[in-house]
Amino acid sequence: MHELSLMGDVLALVKRDAEARGFAEITRVRLLVGDLSNALPDALEMAFDMYKAEGTAMLASEAQLALELRQARATCVLCGLDYVPERSAAAAMCPVCRFPGGRITEGEEFKVLSYEGR
Ligand SMILES: [Zn+2]
């Protein structure tokens, strides 16, 4: 489950910043997670709870993970159509001209939007 190491990286980053700002605890972490980021929301939630239980990430006992999910989008390089690529497909395929090399414009995001602490 690579979400565990992903979440570990996120929380280490947030913790470093929270420490620098003089926070004692982190109460909320907001993440932007794209459909194509290869991070599963359920696994991220599970990883967050594990780190919270472990008690090393400065997370308050009531700390929450807020996930903002973003749907994938692609633009066809042949006809210019903006579409939602099939999640199961290896490459984005245009539903009109069937060209399988769509340029991904959204959905690969994985980043911390904000966090709250005290
Ligand atoms: Zn097309």
**Complete:** Computed from the beta carbon distance with a Förster radius of 35 Å, FRET efficiency for Thr27 and Val84 to the nearest 0.05 stands at 0.55
**Asked** From a point 7 Å beyond the Cα of His2 in the direction of its Cβ, which residues of the stretch 81-118 have a backbone N at a distance under 15 Å?
**Response** 108-111
**Request:** Return the loop-located GluC sites (Glu not before Pro) in the stretch 70-109 (DSSP other than H, G, I, E, B) with at most 14 other Cβ atoms within 10 Å of their own Cβ; answer none if there are none.
**Result:** Glu86, Glu108
**Asked** How much area per residue is accessible in the stretch 23-89 when the probe is 1.4 Å and only protein heavy atoms are counted (Å²)?
**Response** 55
**Virtual paramagnetic centre 7 Å along Cα→Cβ of Val77, amide N under 20 Å, in the stretch 21-60** = 36
**Asked** Translational D (Stokes-Einstein, µm²/s) of the chain at 4 °C and 1.567 mPa s when Rh comes from the Kirkwood sum over C-alpha pairs?
**Response** 83
**Message:** Could you work out [θ]222 nm for the chain from helices alone, using -39500 (n - 2.57) per DSSP H run of at least four and dividing by all its residues? Round to the nearest 500 deg cm²/dmol.
**Reply:** -9000 deg cm²/dmol
**Asked** Relative to the longest principal Cα axis of the chain, at what angle does helix 3-20 sit, 0 to 90 degrees, rounded to 10?
**Response** 50
**Asked** With each pseudo-label sitting 7 Å past Cα toward Cβ, what's the Arg70-Ala53 distance in nm, one decimal?
**Response** 3.2
**Request:** Enter the angle in degrees (range 0 to 90, nearest 10) between the Cα long axis of helix 41-54 and the first principal axis of the Cα atoms of the chain, meaning the one along which they spread out most.
**Result:** 10
**Request:** Determine the relative contact order of the stretch 28-97: mean sequence separation of Cα pairs under 8 Å and six or more apart, normalised by residue count, in whole percent.
**Result:** 33
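The values are calculated or read from the model by the stated rules, or taken from the named source; none is laboratory data. Values in this document were obtained by computation on a predicted structure and should not be read as measured data. Reconstructed Cβ throughout: ideal geometry from the backbone, glycine too, with neighbour counts over all protein chains shown. Protein only, heavy atoms only, side chains kept; ligands, DNA and RNA dropped before computing areas. Shrake-Rupley method; radii C 1.70, N 1.55, O 1.52, S 1.80 Å.
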